[in-house]
Amino acid sequence: MSLFDTNALNEFYTRISVTNGMSIADFQGILRGLFERSRSGDDLNNYRLSKQPWKKLADEVTPVSRFLQFRGVDSGRIRFPLDNHPPDCWLWKANGGEPLGMEVTIAQATERHHLKKELVDKGRGRGFIGVSDDAPRVDFNRAMSKQRVMYTTDHALSAIRDGILRCLSRKNKPKYTGFNLLIEAPLRSLPQERWEAIMIDLRTAQHIFLSAKYM
């Protein structure tokens, strides 16, 4: 393994941001190569905490990569403008046509930061505390100061459902009209089959928010 250096990351950023993008196959291959390189402890921790120069990679690029793998999309082209304007990503099908814009956001992002910081500071961490992104800092500090405790299925379902709905609400603005929204959520906090319990709420909310855009 070669030692990671930020030149490789910056070159990757340059390649995925050019006007015509790059093939999805090349994108996934180069991204995989980046993660196969040895990284310093500081680089690894900065990626975990979404600090520069890793922030775009952690918060936009890798969620899209995982989504494409999950959906089995391995052809076409992809581009990340990396300019802090919507959308975060453009996708072209292999046969061309109009590109699909994709906006990426993170549900329970503040909780994720606190959990990752605990991992960085202590070498281990918990996986869930169930505090809303809208909660004041004192609530997060209080939750993180306590010993790790078990949580119920209902607590996880409620907290993450509300976190996803919050993402939908915040992106319900004219500047996002016409784009697909990709929400990364901490679904590993429960077995996969448990999430079916909130799917009706999410589908209903999605319909309401999509309809509101055209009212």
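The values are calculated or read from the model by the stated rules, or taken from the named source; none is laboratory data. On a predicted model such as this, the values are computed, not experimentally measured, just so you know. A quick note on method: Cβ atoms are made from the backbone with ideal geometry, for glycine too, and the neighbour counts reach across all protein chains shown. Only protein heavy atoms, including side chains, enter the accessible area calculation; ligands, DNA and RNA are left aside. Shrake-Rupley method; radii C 1.70, N 1.55, O 1.52, S 1.80 Å.
For the chain, what % of the accessible area comes from carbon and sulfur atoms, probe 1.4 Å? Ligands and nucleic acids excluded, carbon and sulfur give 51 percent.
Could you do me a favour and compute the accessible area per residue for region 12-76, 1.4 Å probe, result in Å²? Ligands and nucleic acids excluded, the result is 51 Å² per residue.
Arg66 contributes an accessible area of around 110 Å² to the protein surface, as traced by a 1.4 Å probe with all chains present. Rounded to the nearest 20, the size of the Cβ-charge dipole of the chain about its Cα centre is 320 debye, with Lys and Arg at +1 and Asp and Glu at -1.
On the principal axes of its alpha carbon atoms, the chain extends 51, 48, 30 Å, with the longest extent given first. Each Lys or Arg adds one and each Asp or Glu takes one away; over the other residues whose Cβ falls under 12 Å from the Cβ of Glu60, this sums to -1.
Computed from the Cβ-Cβ distance with R0 of 35 Å, the FRET efficiency linking Glu193 to Lys93 stands at 0.65. Solvent exposure of region 140-206 amounts to 67 Å² per residue of accessible area, where only protein heavy atoms count and the probe is 1.4 Å.
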